[in-house]
Each structure stands twice: as C-alpha cells, then as structure tokens.
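Beneath this line is the structure, given in structure tokens, with notes to follow.
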Amino acid sequence: MQAVPVRATAIPSVTDALRAVESLLLSSGQRTARRNAWTAVLEDRRRAKDRVETEYVLEAVADHRS
C-alpha cells in the first residue's frame, strides 16, 4: 500500500484571495490610499474607545468627590 502524496502548496486564506483580487483591480496608488484610509478608520475607533474610557474615569472621580 502506497502513501497518499501530500500537497506541497498551502491553501490561500480569504485575506490572500482578497489581496490578489485587489491587486488585479486597483493600481498601486489606489491600494495605498485604501489601506491608508482603513488605517485611519482603525485609529479613529481606537481614539473613540479611549474617549469613552476617559469619560468613565472622569465621571467616577466626580462621583467620588460629591
């Protein structure tokens, strides 16, 4: 009985597939702009989370002093 040959290449992830499609459809500058925009969105979300946490802390301090 012979062993079944093992596949040498990895199955691409969904992310890899989307990046491949992106590279076919968008020019390099457009890809860079899209990635920069997404990075800005993530940073805005992080800052919003920080603002909410700061608000909770300030309210707690104000309640403690009352």
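Numbers below:
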{"read-out": "Interchain or long-range residues, amide H under 5 Å from LEU26's placed H", "value": "none"}
{"read-out": "For the chain, accessible area per residue (1.4 Å probe, heavy atoms of protein chains only), Å²", "value": "96"}
{"read-out": "Förster radius 25 Å - calculated FRET efficiency between ALA48 and LEU18 (Cβ-Cβ, nearest 0.05)", "value": "0.45"}
{"read-out": "At 0.692 mPa s and 37 °C, Stokes diffusion of the chain via Kirkwood alpha-carbon radius, µm² per second", "value": "196"}
{"read-out": "Between 0 and 90°, nearest 10: helix 28-65 axis offset from the chain longest Cα axis", "value": "30"}
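The values are calculated or read from the model by the stated rules, or taken from the named source; none is laboratory data. Please read all numbers here as calculations on a predicted model, not as lab measurements. Every residue, glycine as well, gets a Cβ built from its backbone with ideal geometry; the counts of neighbours run over all protein chains shown. Each accessible area value is taken on the protein alone, full model and side chains, heavy atoms only, with ligands, DNA and RNA left out. Shrake-Rupley method; radii C 1.70, N 1.55, O 1.52, S 1.80 Å.
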